[in-house]
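The values are calculated or read from the model by the stated rules, or taken from the named source; none is laboratory data. Given the structure is predicted, the values throughout are model-derived calculations rather than measurements. Cβ placement follows ideal geometry from the backbone for every residue including glycine, while neighbour counts extend to all protein chains displayed. Accessible surface areas use protein heavy atoms only, side chains included; no ligands, DNA or RNA. Shrake-Rupley method; radii C 1.70, N 1.55, O 1.52, S 1.80 Å.
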Amino acid sequence: MSAGAGLPILQKSELFGRLARGHAAGLTVVTPNQRLAAALARDFDSHQAACGLTAWESADVLPLSALVERLYEDALYSELATQLPVLLSGAQEQALWEEVIGGSEAGRDLLSIASAAALAREAWQLAHGWKLMPRLKSYPANDDARAFADWARRYEGITRRDRHADRARGPEVVAPHLAHAATRKPKTLIAYGFDILTAQQREFLAALGAAGTEVLACGPDERASAPRRVALASGKDEIHAAARWARARLEANPRSRIGVVVPDLSKSRSAVRRIFAQTMEPGRALPGGEKRPLPFNISLGDPLASYPLVAAAFHALELARGEIEFSRASRFIRSPFIAGAESEMANRARLDAELRKVSRAAIRLERLRRAIAKLTGPEGRAPQCPILSRRLADLAKFATENLTALKRPAEWGRHVSALLDSVGFPGERKLDSSEYQTLKKFHEAIAGLAALDRVAGRMRFADACAHLARIAADTLFQPEAPEVPIQVLGVLESAAMEFDHLWVMGLTDDAWPIPARPNPFIPVALQRAAGVPESSAAASLELDRRITQGWLKAAGEVVLSYPLREEDRELVSSPLIRDVPETRLEDLALPGYDSLRVAIRRARGEEREADSRAPAIPKNAPSSGGTSVFGDQAACPFRAFVLHRLDAEGLEVPPPGLDARDRGTLLHALLAKVWTELKSKARLEALSARDLDALLAAAADAAIGRLRWSRPDALEGRFAKLEKERLVQLGRAWLEFEKRRPAFEIAEIEKKRAVSFGGVTVNAKLDRMDRLQGGAHAILDYKTGKANVGGWLGARPDEPQLPLYAVTRDGNAGDEVAAVAFARVRAGEMEFKGIAREAGLIPDVGTLAEQRSAAAKQYGSWDDLLSSWRRELEALGREFASGEARVDPKDKRNLATCRYCEVKPFCRIYERYGAPVDGDAGSGEPE
Ligand code: SF4
């Protein structure tokens, strides 16, 4: 023990000797935390086994805080009970602080009472740990410190009135009763591995000494090692290197104790878990394999709320309460933890895919039920999910009948359980061990909510849910697993731990020593005067220097690492490790472990099979997807195959309100309606402004009504009114623009017909065809976004739809086509863009010779252009019909064709082109 506080020191070997005498020796060992207590108990067991023993009494090793609670309970179940206050749970403390802060003057201006309450709890614990409360008033205070002093006074008053206390005051509650026979004090108490004793801990140990307990200090054995310092390119590389190192050491000796210390573990926890899991067992993510426990354990655990089982419970509570993000409702529908999840799994997945097309970004239970009823009804596109529908109905009924009015927390606790029953939580499949433990922990969280009765009054259901969510967020939980050889730890938990091999990462000059972080609610001068370690740079440096020295002696092999770069910042090693000899990563002689991808490739027995051709389709059999078949075939044959032969589609993400596609749909519907009425430019010009406005208003109403039918949630209330105004304005501006054209009549609007090219028949719907002066026709396509004429030209045209309409209509009796154009309807950017047989047919639509695109020069005449389009479409059709499905994106530079392609998971393009899976550009050449 470094900070022995004047306690006599006991060697570790002697400690084990005394522990070996068993309970009769009356020896208890206390540690700063649970992890060290468990490690020490394990060490002792190994020591006993190494001595050849087969049975022995287990050692009494526990954290100091647990000893205080044990002594408190001794007193509580004795005649002392009437003199003792009740110890509040963490959730009860939090609720009481929230009440105190919420009712204070300073609390009125706070954005988050809950966060302020959590900080105040920390300050309260610190103030008691370091005995600062009596001196709070004698130090000059800023606004925060004054507010805290006021809250602390009220909190203290309420707890005194109600005869409550908290864990921060546990030692003071217990100390006066230590002399009483009811408290089972050990004969000897060993304080093991304390780098620092707070003033409160010192007093408590002194009180135990005064009550007759012999108090000694002990610490880990020091080991001789030749520590090495190594620099890695980045933090991610450090984790990879540490994982490889740990696996190598484990393979060399499966019984070794391996420690990996990660100073910012709370931030990098998920990256550490992923990389360690991939390194230790690359094939773990594959479905169907047996899930063996991984050989490492990451300390502290995750918030209970982050476990999928608990998340599903919260999704049910949120659905019952009001509006919920669609992404959460979607996860609830697909969750394995509700009734019918197994039997309706596939149907629910398909229902979810359909719901995404009609829902908004947020949804209420009633709307969700209506949408499900419609989608799974006789005319719906989704399969039926009767269990889900029934459970959602039960949930709605339960919410209506039970979730109103103010109730006490215990009542809400019962309602939460009943509500979860109504949706069949936790599902129909048998829970595995981890899930079962998580469920048990969640039940404890619900019990924690009910226990708020002691400190909180009646509340609304939403407040009860917020309390439960906080309890689940504050509960760090890790399902129990068999003992594992690799421990991944934060800095504080690493103190006094012993290993055979230890790697400490992240030791840069700005991360280590940890910068001073005085508590904002307590005057800094007071914290410094009391010696609080994190209150000043000097105290923090001193503590971290001691911890560093501890690491150097904690294992036979010690590696200290730091990253050279974080984003665009260059980093250097911490001054606390600069004396440690630097080595190169190669000198650690780490084996290279293949990633799963490489391992699979390496293991392949090569058997090449050309798989770029699907069965041909029967001649002229209709294909799904309309004219986009040709565009997709041109972009990439495999994309066309997946979308139009396999009928696969990407999952949509419901937008908040209208997205670009909805706006396009509305505009198309508006203009279709208007021109169906007007029929010609002459009629447009003859219409009075008032009549035109009335026509536009009626058309906008019809367009909105049509969209509502398919997406009932997209336009609501005032939003619909605003959208109507926008549509009318846009329509009016466009019609003004069209008045610049020479006379024309409408020949066709949104007319559907089947068209065939190269043996592929699809349904085509042309936006509009106008009859121009002289009898020829113009094919028009409305666009609200970008319009690129170049997309019609050359081989494999990007946008062959308009060419397709042009060549389909041209040549029909009396249907000579003389112009093809995008009608770009966009506020402030109205224009026609296209190609015409001759000048002057449509404003700004030039002839082939007038096109700026170099690709246009390859066509000698208008007829040549039409023939070329026909040939290109025939070729694309033949290719598609023949089953040609090679993975061949048209633009391979940076895989531009693939950027927004929704079928990437099918073609695994980034594996073929050697680009990373996160979408960075590839080399452009297949591997
Ligand atoms: S991602 Fe690229 S290669 Fe894959 S199907 Fe889509 S366009 Fe083709």
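For region 657-669, putting each phi into the Karplus relation 6.51 cos²θ - 1.76 cosθ + 1.60 with θ = phi - 60° gives couplings of x, 8, 9, 4, 5, 4, 5, x, 4, 4, 5, 4, 5 Hz, in residue order, rounded to whole numbers and with x for Gly and Pro. Extension gain, residue 53 to residue 676, is 214.7 nm, computed as 0.36 nm per intervening residue step minus the present C-alpha separation. For residue 646 and residue 745, FRET efficiency with R0 = 51 Å and r from the beta-carbon atoms, rounded to 0.05? So the FRET efficiency works out to roughly 0.75.
From the alpha carbon centroid of region 685-748 to that of region 145-171 is 66 Å. Among the protein heavy atoms of the chain, carbon and sulfur supply 52% of the accessible surface, probe 1.4 Å, non-protein parts ignored. Note: relative contact order over the chain, using C-alpha pairs below 8 Å and six or more positions apart, is 12 percent. Structure note, pairs 765/904; 374/739; 357/890: Cα-Cα distances above 32 angstrom occur for 374/739.
Prolate is the label for the chain. Its Cα gyration tensor axes, ordered a ≥ b ≥ c, give a/c of at least 1.5 and a/b above b/c. Here the gap between residue 400 and residue 105, fully extended at 0.36 nm per residue and compared with their Cα-Cα distance, gives a gain of 102.6 nm.
Applying 0.36 nm per residue to the separation of residue 854 and residue 153 and subtracting their alpha-carbon distance, the gain on full extension is 244.3 nm.
Using the rule -39500 (n - 2.57) for each DSSP H run of four or more residues, divided by the residues of the chain, the 222 nm mean residue ellipticity is -14000 deg cm²/dmol.
Here the peptides 610-617, 890-897, 399-406, 446-453 are ranked by packing, the mean other Cβ count within 10 Å, and the order with the highest first is 446-453, 890-897, 399-406, 610-617. Is region 554-664 rounded, prolate or oblate when judged by the Cα gyration tensor, a ≥ b ≥ c being the square roots of its eigenvalues, rounded requiring a/c under 1.5 and prolate requiring a/b larger than b/c? Cα axes put region 554-664 in the oblate bin.
Legend: calculated FRET efficiency, residue 162 to residue 480, from the Cβ-Cβ distance at R0 = 45 Å, rounded to 0.05, equals 0.80.
What does the C-alpha gyration tensor say about the overall shape of region 337-486? Classify as rounded when a/c is under 1.5, otherwise prolate if a/b is larger than b/c, or oblate. Note, shape of region 337-486 comes out oblate.
The calculated FRET efficiency for residue 327 paired with residue 82, based on their beta-carbon distance and R0 = 41 Å, is about 0.15.
Summarising the label geometry, the points placed 7 Å from Cα in the beta-carbon direction at residue 830 and residue 135 lie 7.8 nm from one another.
Compute the separation of the alpha-carbon centres of region 839-917 and region 401-464 and state it in Å as a whole number. Between the Cα centre of region 839-917 and that of region 401-464, the gap is 58 Å. Each label point was placed 7 Å from the Cα along the Cα-to-Cβ direction; for residue 545 and residue 737 their separation is 7.3 nm. Distance between the modelled labels on residue 112 and residue 45, one decimal in nanometres: 4.0 nm (7 Å Cα→Cβ projection). Surface analysis of the chain yields an accessible area of 47 Å² per residue, using protein heavy atoms and a 1.4 Å probe. Annotation: for a label point projected 7 angstrom from Cα along Cα→Cβ of residue 252, residues of region 473-508 with backbone N closer than 19 Å are 485-488, 498-505.
Using θ = phi - 60° in the Karplus curve 6.51 cos²θ - 1.76 cosθ + 1.60, the 3J(HN,Hα) couplings for region 688-699 round to 6, 4, 5, 5, 5, 4, 5, 5, 5, 5, 5, 5 Hz; x is entered for Gly and Pro.
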